[in-house]
Amino acid sequence: MKNFFFLVILCCLLKSNVSAQPIGISISAGIRKTFQLTKKSSIDLRQQFQVNPEIKKYNNKYGDFFNEDGFWPVPDRYEELEDGDDDDLPQGANPVTPNNPGELSDLPYRIKFEWRSNSAVQYTYRFAPWFRGNTGYSLLYDGEEFRHTFRAELDYRPLKHSKTKRKFDLGARALYQYIGAPDDGVYEWQSLVVPRIDADWNFKKNHILQLSNALNGAWDEGKFEFDRWRANLNLIYVYKKSNRFTLSYQFQQRLDKPRQSHGCSLGYEIRF
């Protein structure tokens, strides 16, 4: 566990261009209760809280980021100035951007501890041991604004066609999200499609190593395109069945812009 944590932090730090590749860190805690309705259906109630220390410049909000499986600290955009905004800078200040990452900025920085809350309800129906679907709603609050998300997902687990015990599992998931968020005083809704492939390995009792790859697709002015790729690496430790400790690393690559970002997260969840 300690060695894995060291490797995660090392991967985040060993980057040649930190200013062009933002790094986010978060600590989260949550509680989850499952109600078994029938042998094939269930309802999950979930509440999460997250704190992420952030070094902020100017007064811009933290990057507007939402992940289909909860929250992550990775910024979704750069806090860079638009054309024509240079007049607002103090004399002699040079903003750090991907085009001039080596220059230092004279603008003040500050550390701010932002927090988020995510409340969710999900209905799951298992059509077969290897195929299930779910739908749900979540409410995200970042201390200033609310965001609503409606989701529907199909999950295919090909290795579960066999009932034999195994330490390795694969999954292919397709997720649809309809997200509403305030933007300049107007509430806007956006449709997202997220195809995802997961691989789980129970390499030791109560220890799970999980790797997932996902594409994020969105409709923009009637045109659909994939705008980012995310890779998650999670180390999960299950203690007495109901306690789950998770150490995670996420890499995000924008497909429509030359931008990359990284996130490290430490989480705890209790399940009933």
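The values are calculated or read from the model by the stated rules, or taken from the named source; none is laboratory data. From a predicted model like this one, the values you see are computed outputs, not experimental measurements. We place every Cβ from the backbone using ideal geometry, glycine too, and count neighbours over all the protein chains shown.
Yes or no, residue by residue, for (1) touching a residue at least 60 places away in the same chain (Cβ under 8 Å); (2) over 20 Å from G30 (Cα atoms); (3) part of a helix (DSSP H, G or I); (4) not β-branched (V, I, T):
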{"position": "Y123", "(1), (2), (3), (4)": "yes, no, no, yes"}
{"position": "R126", "(1), (2), (3), (4)": "yes, yes, no, yes"}
{"position": "Y137", "(1), (2), (3), (4)": "no, no, no, yes"}
{"position": "T149", "(1), (2), (3), (4)": "yes, no, no, no"}
Considering residues that are exposed (fewer than 13 other Cβ atoms within 10 Å of the Cβ) and either modelled with pLDDT of 95 or more or touching a strand residue (DSSP E or B) at 6+ places or on another chain (Cβ under 9 Å) (or both), the number found within region 120-143 is 2
Just need a number here: residues in region 211-226 that are farther than 13 Å from R196 by Cα, part of a strand (DSSP E or B) and not aromatic (F, W, Y).
4
Given the structure, is W229 in a strand (DSSP E or B), exposed (fewer than 14 other Cβ atoms within 10 Å of the Cβ) and of a type outside the set (V, I, T)?
no
Checking the structure you have, find out if any residue of region 183-196 is among the hydroxyl-bearing types (S, T, Y), more than 23 Å from S261 (Cβ to Cβ) and over 19 Å from the mean Cα position of the chain (by Cα).
yes
Taking K160 as meeting all but one of (1) out of contact with any strand residue (DSSP E or B) (no Cβ under 7 Å at 6 or more places or on another chain); (2) exposed (fewer than 14 other Cβ atoms within 10 Å of the Cβ), write down the number of the exception.
(2)
Restricting to region 188-210, count the residues that are exposed (fewer than 12 other Cβ atoms within 10 Å of the Cβ) and either assigned to a strand (DSSP E or B) or modelled with pLDDT of 90 or more (or both).
4
Before we move on, is R173 within 17 Å of the chain's Cα centre (by Cα), assigned to a strand (DSSP E or B) and surrounded by 16 or more Cβ atoms within 10 Å (Cβ to Cβ)?
yes
